[in-house]
Amino acid sequence: MSICLLGWRRWAGLARIGMLAAGLLAGLGGAQAVAALEVPGELLLNGGLSALKPFGPQEGAPQLKTVAVDAQAFDSAMQMDSYGAALGKNKFGLAADLKTPLHKGDVLWISFKARSLASLRETGESFVEVKLDQLVNGKSTWPAFVERGVSIGKDWTETSFAFVMRKDASPADMRFVINFDHYPQRFELGPVRLINYGPGVQLSELPRTVIRYDGDAPDAAWRSQAAERIERLRKGDMEVQVVDAKGRPVKGAEVSLRMKRHAFNWGTAVQSSWILDQHSADAEKYREVLSKYFNQAVYENELKTKYWEPTRGAGAKRANVWLRERGFNIRAHVMVWPSWRQTPPLAAFKEQPEALRAKILGDIATQTSALRNEFDQWDVLNEPFANHNVQDMLGYAEEVAWFKAAREGAPGVKLFLNDYTLFQGKGEGSPSQAFFNNVKRLKEQGAPIDAVGEQGHIGGTPPSIDYVLERLDFMGSLGLPIQITEFDINSTDDEFKARYLDDFMTAVFSHPSTIGFVQWGFWAGLHWFPHAALWDENWNLRAHGKTYIERVTKTWWTDVELRSNSAGQVRQRGFLGDYEVTVRLRGKTVSKTVSLQAGQAMRLKVKI
């Protein structure tokens, strides 16, 4: 995993903005005057670097000390040295509690200077993750209000970015955090600023650096390799021969090959109420966009146990009629989310193992019976890496029983294990290895698991593209198809989102093990991460939305007009999927519907 923030965007309109007021606390508590926007800002890290306190186990902790600095606007810095520290699975860093509440719509700006002295990373750079953590009962919970991964080079460089608070937060709801890398490193950290400018400032008025990741270079080797795989794996040969009533070849006939549905699943999370709403203008737009740019849907929440029990999936069944009429593949999510917190109805059986076992198997039987023949895919088990209260009580062999019960109740449906750690580390003890081991164990113990779902939620430290491909190879070695099931990017940087979505999608689409790419929503008006949505609240298409549409409706889509040759033939290599073939000659028209499938050339004879 690698990311860096490079460059310092020139502050446009600095003369117009004028001197910025507010005060900068530098070094270890010293202060100096600093410019600020005409809109006064509130400095949130009172005390400068001295406000940041180390966290992590005391034994084996990295060394922290104050050092003198020359030739900078500040005269001291904090040096961090983790050579010889007990890194491993331990988490170390700096944190500060904030004293004032923040409000939805507040624009915050983070800025700091740092330089690397040594690092065992492949790039030779040091690395930190900067976050404004969201807290629940004092514990960090995903997603953070903001998180950015920062690579630190050998020269003093300023890193800055702004973001908008998505909801109100009291001091007890948040904590400012700088996480240290798991590689040994030595770096120096200078002034750290966290300023709240309130709701009266545009993000574009504040300076920012540009997020980079390994593999984003235009000439990166993976690009040509992915293009070759896409051409080989995602396309096939089509041949249409036009003949007359006597079977003789017809030259000069107009032949159109119009793709109607992609074989690859391009999906999104949906809510049935918005598909069924016939009154709202937003709902009408929602259906229009959904049917135009996606071919797979998954219900975001309503089939989870705590939502399923009151409704028995009535809305989903009605919405499925609309989806089927438009050729959608439909996913169900989820049968078993095995934790007391995520599935509160299970918590009532904490002390009753047999009753708990019967409850889960009974829920699977009831749900699959009520929704029989409604779905093409079903997440049987969700997030067992982090959610395993039930397995801790009943044993991991119980997961096999859940899959077997699902197969009995839903024959013909592709059954998934869905988790989110495939792109998190590698090797024994890593979350990625744990995901792999769980799938492997299920297969070895006879569970009827058909596919693997990797959620693909991306934060401020996106995995490099080569690493994404390597991890797909790793999981693909088990012989099961893989689908990205819940993709989104937690960032307010539209330019970065467009670049990374493009590269990530291309890598996934090029991989031989993948069968689909599902985003966890598409419209900011109905998205758990509004800034991750392809369309904003007013249905304006964002930069990464344009990237998505360009790829799935143009770059990876086949729609051509040809003329038959002297042998009455047209030949075309096209993307796998369903096609309408139309032949026109001297006022006569004949249309056929055909499918181009992997490993099979499509040959069609049309008499006209």
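The values are calculated or read from the model by the stated rules, or taken from the named source; none is laboratory data. Everything numeric here is computed off the predicted structure, so don't read it as measured data. Please note: Cβ atoms are built from the backbone with ideal geometry, for glycine as well, and neighbour counts cover all protein chains shown.
Would you point out the residue of the stretch 48-99, among those that are β-branched (Val, Ile, Thr) and touching a residue at least 60 places away in the same chain (Cβ under 8 Å), that is farthest from ARG115 (Cα to Cα)? So the residue we want is VAL67. Considering the stretch 427-438, the residues that are buried (at least 16 other Cβ atoms within 10 Å of the Cβ), out of contact with any strand residue (DSSP E or B) (no Cβ under 6 Å at 6 or more places or on another chain) and touching a residue at least 12 places away in the same chain (Cβ under 8 Å) include one that is nearest to GLU399 (Cα to Cα), namely ASN438.
In the stretch 357-376, the residues that are in contact (Cβ under 8 Å) with a residue 12 or more places away in the chain never reach a residue that is hydroxyl-bearing (Ser, Thr, Tyr) and surrounded by 14 or more Cβ atoms within 10 Å (Cβ to Cβ) with C-beta atoms less than 6 angstrom apart, at least six apart or across chains. Which condition does TRP109 not pass, out of (1) within 18 Å of PRO62 (Cβ to Cβ); (2) among the aromatic types (Phe, Trp, Tyr); (3) in contact with a Leu (Cβ under 6 Å, 6 or more places away or on another chain), if it passes all the others? So the condition that TRP109 fails would be (1). Taking the criterion of being under 20 Å from PRO353 (Cα atoms), in a loop (DSSP other than H, G, I, E, B) and in contact with a strand residue (DSSP E or B) (Cβ under 8 Å, 6 or more places away or on another chain), the only residue of the stretch 365-393 that qualifies is PRO384. Pick out the one residue from GLY84, GLY48 that is of a type outside the set (A, V, I, L, M, F, W, C) and either surrounded by 14 or more Cβ atoms within 10 Å (Cβ to Cβ) or modelled with pLDDT under 90 (or both). From the options GLY84, GLY48, the qualifying one is GLY48.
What about GLY315, is it small (Gly, Ala, Ser), assigned to a strand (DSSP E or B) and touching a residue at least 24 places away in the same chain (Cβ under 8 Å)? In short, no. The stretch 48-133 holds strands (runs of 3 or more DSSP E) entirely within its bounds, and those carrying 2 or more residues that are under 26 Å from the mean Cα position of the chain (by Cα) map to 107-119.
Checking each residue in the stretch 494-539 for being farther than 30 Å from LYS104 by Cβ and among the β-branched types (Val, Ile, Thr) picks out THR506, VAL508, THR514, ILE515.
Report, by residue number, each residue of the stretch 321-332 that is touching a Ser or Thr at 6+ places or on another chain (Cβ under 8 Å) and either in contact (Cβ under 8 Å) with a residue 60 or more places away in the chain or assigned to a helix (DSSP H, G or I) (or both). Across the stretch 321-332, the qualifying residue is only ARG331. Restricting TYR299, TYR286, TYR293 to those that are over 28 Å from MET335 (Cβ atoms), touching a residue at least 24 places away in the same chain (Cβ under 8 Å) and hydroxyl-bearing (Ser, Thr, Tyr) reduces the list to TYR293. Starting from residues that are surrounded by 16 or more Cβ atoms within 10 Å (Cβ to Cβ) and of a type in the set (Asp, Glu), keep the ones in the stretch 293-350 and report whichever is nearest to the chain's Cα centre (by Cα). So the residue we want is GLU300. Just one of the listed residues (GLU537, GLU550, GLU561) is assigned to a loop (DSSP other than H, G, I, E, B), surrounded by fewer than 21 Cβ atoms within 10 Å (Cβ to Cβ) and not hydrophobic (A, V, I, L, M, F, W, C), namely GLU537. If you check ASP503 against the conditions, is it crowded, with 21+ Cβ neighbours inside 10 Å, more than 12 Å from the chain's Cα centre (by Cα) and not hydrophobic (A, V, I, L, M, F, W, C)? The answer is yes for ASP503.
Restricting attention to the stretch 185-213, the residues that are among the polar types (S, T, N, Q) and part of a strand (DSSP E or B) total 2.
Of ALA406, ALA410, ALA447, all but one fail to be crowded, with 18+ Cβ neighbours inside 10 Å, touching a residue at least 60 places away in the same chain (Cβ under 8 Å) and farther than 17 Å from GLN342 by Cβ; the exception is ALA406. For the stretch 165-184, residues that are outside any helix (DSSP H, G or I) and either crowded, with 17+ Cβ neighbours inside 10 Å or of a type in the set (A, V, I, L, M) (or both) total 13. Contact map, the stretch 494-514: residues that are among the basic types (Lys, Arg) paired with residues that are outside any helix (DSSP H, G or I), Cβ distance under 7 Å, separation 6+ or inter-chain. Pairs shown: LYS497/ILE489; LYS497/SER491; ARG499/ASP216.
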